[in-house]
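*Asks:* Sharing a structure with you now.
Since every read-out is calculated from the coordinates, none of them should be taken as a lab result. All figures in this text were calculated on a predicted structure; none of them were measured in a lab. Because the Cβ atoms are built from the backbone with ideal geometry, glycine has one as well, and the counts that use them run over all protein chains shown.
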Amino acid sequence: MRSYLGYWAAQRLAVGLPLPAAYWVAEHLADLQAWRAPEDRAAVEANLALIQEGRPADLPRLRQAVFRGFARYLFEFLRLRRLDRATLDRWVRLEGRGLLDAARAQGRGVIVVSAHLGNWELGAAALAVLGYPVTAVALEHGHPRVDELFVRQRERLGMEVVPLGGAMRRCLAALEAGRIVALVGDRNYGEGGVAVRLLGRTLLLPRGPAWLSLHQQAPIIPAFVVRTEPGAYRFIFEPALTAARSGREEADVQSLLQAYAEVLERYVRAYPTQWCFFRRLGAEAAGAAAHPHPRA
C-alpha cells in the first residue's frame with residue numbers, strides 16, 4: 001500500500017505543480033532516494049567509471065545526475081495527461097522516422113526496442129500520437145493498484161498495454177496484425193537471459209525481442225528518446241536489425257541481441273547520465289552463473 005500511495009502522491013505533485021517546481025521536487029526526492037540506496041549509488045558509479053574508461057570524472061556529480069534524470073522521467077510520465085500532435089511537435093524532434101516506415105512496409109510488424117535511457121515512456125506515446133498502432137510491453141509492479149495506475153496512464157496516451165508475464169503470444173498476434181511492439185530491452189527481469197558484451201562487461205538481456213524477430217521475421221528498430229534540455233527531446237530511430245534463421249536459434253538470438261547491445265553502447269557513451277540502470281554491469285551475469293534459475 002505504501003508503494004501505491006507514494007506513486008499517487010508523486011502523480012498529484014507532478015500534475016499540480018508548474019514544470020520547474022515539479023522538477024525541483026523530483027530532484028530533491030531523487031537525492032533522498034540516492035542517500036537511502038547505497039548499493040544503487042555504488043552500482044551507478046561503477047557503471048559510469050566504465051563509460052569514462054579511466055578519464056578523470058566527478059563520479060558523485062554524474063551519479064547524482066543519473067538519479068535526478070530518473071526522477072525527472074518519472075514526473076514527466078506521471079504529469080502527461082494528454083499528448084497531442086501540437087505538443088509532440090513542440091517537445092520532440094524526430095530523427096530517422098523513414099527507417100521505421102521502411103521497416104513497417106515489409107508487412108511483418110516491427111519491434112521497437114528502447115532502453116532505460118532519457119524518457120523511454122515518451123517514445124511509445126509519441127508513436128501512438130503519430131498514428132502508429134502500438135502494443136507496449138510493460139513490467140508489472142507487483143501491486144495491483146500501482147499496476148492499474150501505470151496501465152491507465154499508458155492507455156490514456158493511446159497505447160495497448162501487455163503485461164510482461166505471458167506477453168509472447170499477444171506480441172506475436174500484434175506483429176501478425178502489422179502493429180508495432182514497443183519494449184525496453186536493456187534489462188532482463190525473468191529467467192533465460194542472454195549474455196552480451198556491453199562496456200567490456202557481461203550483461204543479461206531478455207531474449208524476447210530477438211525470439212519475436214526470428215519467429216515473425218519482423219525487423220528490430222532500436223530507438224531512443226534522449227533529453228536535450230528540460231521539456232525538449234530527440235526521438236532517434238536506428239537502422240533495422242535483422243538476422244537470417246540459420247537453424248541454430250540460440251546463436252541467432254545471441255547475434256541479434258549483441259547487435260542491439262552495440263547500438264545501446266553508443267548511446268550510453270553519448271548520454272551517460274541519462275542511462276537509468278541501477279545494477280552493476282557484470283553482477284547479474286555472475287549471479288545467473290551461480291544460480292541458473294533466478295526468480296523473476
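*Asks:* Rounded, prolate or oblate: which fits region 82-290, taking a ≥ b ≥ c as square roots of the Cα gyration tensor eigenvalues, rounded meaning a/c under 1.5, else prolate when a/b beats b/c? Intermediate values should be presented prior to the final figure.
*Replies:* On the way: a/c = 1.34, a/b = 1.22, b/c = 1.10.
Here region 82-290 falls in the rounded category.
*Asks:* Need one number: % antiparallel among DSSP beta bridges in the chain, to the nearest 5. Write out the running numbers ahead of the final one.
*Replies:* On the way: 13 of 33 bridges.
Bridges in the chain are about 40 percent antiparallel.
*Asks:* Same structure, new question: So if I place +1 on the C-beta of Lys and Arg and -1 on the C-beta of Asp and Glu, and nothing else carries charge, what would the dipole magnitude of region 30-121 be about its Cα centre? I want it in debye, nearest 20.
*Replies:* The calculation lands at about 360 debye.
*Asks:* Show me, for region 81-89, the HN-Hα J-couplings you get by feeding each phi into the Karplus relation (A = 6.51, B = -1.76, C = 1.60, θ = phi - 60°), rounded to Hz, glycine and proline as x.
*Replies:* Using θ = phi - 60°, the values come out as 6, 7, 10, 9, 5, 5, 5, 4, 4 Hz.
*Asks:* What is the magnitude of the charge dipole of the chain about its Cα centre, with +1 placed on the Cβ of each Lys and Arg, -1 on the Cβ of each Asp and Glu, and no other charges, expressed in debye to the nearest 20? The partial results should precede the final answer.
*Replies:* Values: 38 positive and 29 negative charges, 91 e Å.
About 440 debye.
*Asks:* Picking from Ile111, Val263, Cys171, whose Cα lies most toward the positive end of the charge dipole for region 82-290 (charges on Cβ: Lys, Arg +1; Asp, Glu -1)?
*Replies:* The residue sitting most towards the positive pole is Val263.
*Asks:* Would you mind calculating the relative contact order of region 166-296 from Cα pairs under 8 angstrom and at least 6 residues apart, reporting the percent as a whole number? Intermediate results must be reported in sequence, preceding the final value.
*Replies:* Details: 153 pairs, mean separation 33.4, N = 131.
Relative contact order here is 25 percent.
*Asks:* Which whole-number percent gives the relative contact order of the chain, counting Cα pairs below 8 Å spaced six or more residues apart?
*Replies:* Numbers: 476 pairs, mean separation 69.8, N = 296.
Worked out over the chain, it gives 24 percent.
*Asks:* Right, something else. In nanometres, what is the gap between the two model label sites at Ala57 and Ala105, each 7 Å from Cα along Cα-to-Cβ?
*Replies:* 4.0 nm
*Asks:* OK, next. In nm, what is the difference between 0.36 nm times the number of residues separating Glu155 and Ala42 and their Cα-Cα distance? Mind dumping the intermediate values first?
*Replies:* Values: separation 113, 0.36 × 113 = 40.68 nm, distance 3.54 nm.
That pair, Glu155 and Ala42, stretches by 37.1 nm at full extension.
*Asks:* Please give, to one decimal in nm, the separation of the simple spin-label points placed at Tyr189 and Leu94, each 7 Å out from Cα toward the Cβ.
*Replies:* 2.8 nm
*Asks:* Between Leu130 and Arg12, what FRET efficiency comes out of the Förster formula 1/(1 + (r/R0)^6) with R0 = 41 Å and r the beta carbon distance, rounded to 0.05? It would help to have the intermediate numbers written out before the result.
*Replies:* On the way: r = 29 Å, r/R0 = 0.72.
About 0.90, to the nearest 0.05.
*Asks:* With each pseudo-label sitting 7 Å past Cα toward Cβ, what's the Ala283-Ser3 distance in nm, one decimal?
*Replies:* 1.9 nm
*Asks:* Counting only helical runs of four or more DSSP H residues, what would the 222 nm mean residue ellipticity of the chain come to if each run contributes -39,500 (n - 2.57) and the total is spread over all its residues? Show your work: numbers first, answer last.
*Replies:* Numbers: 12 runs with 155 residues, N = 296.
My calculation for the chain gives -16500 deg cm²/dmol from helical runs alone.
*Asks:* Using the Kirkwood radius over C-alpha pairs as Rh, can you work out the diffusion coefficient of region 184-267 via Stokes-Einstein at 4 °C, viscosity 1.567 mPa s, in µm² per second? If you can, show how the numbers build up before the last one.
*Replies:* Values: Rh = 13.6 Å.
It comes out at roughly 95 µm²/s.
*Asks:* Stretch Arg169-Glu140 to full length: gain in nm at 0.36 nm per residue minus the Cα-Cα span?
*Replies:* Between Arg169 and Glu140, full extension yields an extra 8.7 nm.
*Asks:* Also: For region 7-154, what D do you get in µm² per second when you plug the Kirkwood radius from alpha-carbon pairs into Stokes-Einstein at 37 °C and 0.692 mPa s? Walk me through the numbers on the way to the answer.
*Replies:* Working: Rh = 17.6 Å.
D = 186 µm²/s.
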